[in-house]
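Trainee: Sending over a structure as C-alpha cells; questions will come in a sec.
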Amino acid sequence: MTTTDTLGSADIIALAKKYLIGNYTRYPVALVRGEGSWVWDAEGNRYLDFFPGWGCGILGHCPPRVVEAVREQIATLIHVPNTWYTEPQALLAQALSERTDFGGMCFFCNSGTEAIEAAIKLARLNGKPKGRYKIITMTGGFHGRTMGALTATAQPKYHAGVEPMLPGFNYVPFGNLDAVAKAIDNETAAILLEPIQGEGGINLPPAGFHEGLRSLCDHHGLLLIFDEVQTGLGRTGKWYAHQHWGVTPDILTLAKALAGGVAMGGIVATPEVAEKLKPGTHAATFGGNPLAARAALATIETIEADGLLERATQIGERFR
C-alpha cells in the first residue's frame, strides 16, 4: 500500500494488533484528525477530547501558531546536532529562563523521563565532590519510565517485573516534612518531587511544605528539584506551578505541553548548578532540534497572546 491509501478503523486496528507490541491498552478507535478540543476517527465520527495526550495538548489539537511555525521550520531546517548553534533553540532557552524567578539555564531533550534523567545526573554531578548521590522522592509521585526516573517513582506497581531498581533513592510520604528531614543523611544530594502530584491523584501540598523543603535544602546543602512535566507551561495559571508558593528550585523539569504537542523535554537549572553539566557529561541527539524549538516558541506565544494563564486561573476557580 502507499501513504495515500485510505484505511478504515478496522483496517488500522488490525494492522496495529499485528505489528505493534501490545504494551498499551487502547480504545477501539482509530483517530485521523484533530482540531481544538475535537478529534475525528477514520469514519468521520467526531469526539470531544477531555484528555488531550496525557497533558501534551495544552493548546488543543493543531493550534494554529504551532502548526504554522512547524510548517515554516520543516521547510527550512529540520535537524542539526548540538555541535552547532541554532536560533530557535537559543530563543527558546531565553524565553523559558525569563519566565523563571532564578534566571535558569536550559538543557533540552525529547520527553519528561529524559528530563528527569538529566536532573538526576546533574544532581549527582553536583553532589559528587562531597560524596553525595542519594535522592529523596515522594510516595504517590510519578517521574517517568526509564530506569532512573522509574526508580524515582515511589509506586511499586510500576516497578513490578523490572527489579532491582537503582540504588540511591529514598521514599517519604508526600507532604510530611518531618519524614523528609529524617531521611536526609550525609550522602543525600537532592529532593525531587512534583509541586502538585498528578499521577498520584492531583495532590496539593499542605501549607508550608514547599517552603519547608527549601529551608531543609538550604540548611543541608541539597538541591531542590521540581518535576513540572505536568504542571509547567501555565497549566496552573503560573508559568511554573512552584511560583504559587514563591519557592525557587535549583532544577525544574519540563516536557508534555512544552512544544504544544510536538515531542520535547528539558530542564532549567540555576547557573551555579547547571555549570556541572560540562561537555561529555550528558547529551540528547534530537534535543532542542529546530522543529521542536519553534513549536515551543509558538506555544509560549499562544499562551501569552491568548491570555491562557488568566484563563487557567479562571477555570481552576470554576472547578474548585
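The values are calculated or read from the model by the stated rules, or taken from the named source; none is laboratory data. Keep in mind that what you see is a predicted model, and the values were worked out from it rather than measured. Note that we place each Cβ from the backbone using ideal geometry, even for glycine, and neighbour counts take in every protein chain shown. Ligands, DNA and RNA are excluded from the accessible area calculation, which covers all protein heavy atoms including side chains. Shrake-Rupley method; radii C 1.70, N 1.55, O 1.52, S 1.80 Å.
Trainee: Do you know which residues across region 197-216 are closer than 15 Å to Gly246 by Cβ and either in contact with an Asp or Glu (Cβ under 8 Å, 6 or more places away or on another chain) or in a loop (DSSP other than H, G, I, E, B) (or both)?
Mentor: Residues satisfying the conditions are Pro205, Ala207, Gly208.
Trainee: Kindly indicate which of Gly161, Gly131, Gly148 is free of Cβ contacts under 8 Å to residues at least 24 places away in the same chain and either at positive phi or touching an Asp or Glu at 6+ places or on another chain (Cβ under 7 Å) (or both).
Mentor: Going through Gly161, Gly131, Gly148 in turn, just one is free of Cβ contacts under 8 Å to residues at least 24 places away in the same chain and either at positive phi or touching an Asp or Glu at 6+ places or on another chain (Cβ under 7 Å) (or both): Gly161.
Trainee: Also, I was wondering about something else. Taking into account only those residues within region 228-255 that are in contact with a strand residue (DSSP E or B) (Cβ under 7 Å, 6 or more places away or on another chain) and either in a helix (DSSP H, G or I) or open to solvent by 10 Å² or more (accessible area, probe 1.4 Å) (or both), which is nearest to Thr270 (Cα to Cα)?
Mentor: So, considering only residues that are in contact with a strand residue (DSSP E or B) (Cβ under 7 Å, 6 or more places away or on another chain) and either in a helix (DSSP H, G or I) or open to solvent by 10 Å² or more (accessible area, probe 1.4 Å) (or both), the one nearest to Thr270 (Cα to Cα) is Asp250.
Trainee: From the set of residues in region 4-28 that are under 19 Å from Glu43 (Cα atoms) and hydroxyl-bearing (Ser, Thr, Tyr), which is surrounded by the most Cβ atoms within 10 Å (Cβ to Cβ)?
Mentor: Among those residues, the one meeting the criterion is Ser9.
Trainee: Is it the case, given these coordinates, that Ala274 is surrounded by 13 or more Cβ atoms within 10 Å (Cβ to Cβ), touching a helix residue (DSSP H, G or I) at 6+ places or on another chain (Cβ under 9 Å) and modelled with pLDDT of 95 or more?
Mentor: For Ala274, the condition - surrounded by 13 or more Cβ atoms within 10 Å (Cβ to Cβ), touching a helix residue (DSSP H, G or I) at 6+ places or on another chain (Cβ under 9 Å) and modelled with pLDDT of 95 or more - is met.
Trainee: Scan region 94-110 for residues that are surrounded by fewer than 20 Cβ atoms within 10 Å (Cβ to Cβ) and either closer than 17 Å to Ala293 by Cβ or touching a Cys at 6+ places or on another chain (Cβ under 8 Å) (or both) and jot them down.
Mentor: Hits for region 94-110 are Gln94, Ala95, Ser97, Glu98, Arg99, Met105.
Trainee: Right, next: Given the conditions (1) on the phi > 0 side of the Ramachandran plot; (2) of a type outside the set (D, E, K, R); (3) surrounded by fewer than 19 Cβ atoms within 10 Å (Cβ to Cβ), which single one is not true for Gly140?
Mentor: (3)
Trainee: Exactly one of these conditions fails for Tyr85: (1) modelled with pLDDT of 95 or more; (2) in a loop (DSSP other than H, G, I, E, B); (3) closer than 25 Å to Gly237 by Cα; (4) open to solvent by 90 Å² or more (accessible area, probe 1.4 Å). Give me its number.
Mentor: Only one criterion in (1) modelled with pLDDT of 95 or more; (2) in a loop (DSSP other than H, G, I, E, B); (3) closer than 25 Å to Gly237 by Cα; (4) open to solvent by 90 Å² or more (accessible area, probe 1.4 Å) is unmet by Tyr85, namely (3).
Trainee: For region 160-196, which positions are assigned to a loop (DSSP other than H, G, I, E, B), under 15 Å from Lys134 (Cβ atoms) and either among the polar types (S, T, N, Q) or at pLDDT below 95 (or both)?
Mentor: Scanning region 160-196 gives a single hit, Asn186.
Trainee: Checking Phe319 against (1) open to solvent by 40 Å² or more (accessible area, probe 1.4 Å); (2) out of contact with any strand residue (DSSP E or B) (no Cβ under 7 Å at 6 or more places or on another chain); (3) modelled with pLDDT of 95 or more: exactly one of these is not met. Which one?
Mentor: Only one criterion in (1) open to solvent by 40 Å² or more (accessible area, probe 1.4 Å); (2) out of contact with any strand residue (DSSP E or B) (no Cβ under 7 Å at 6 or more places or on another chain); (3) modelled with pLDDT of 95 or more is unmet by Phe319, namely (3).
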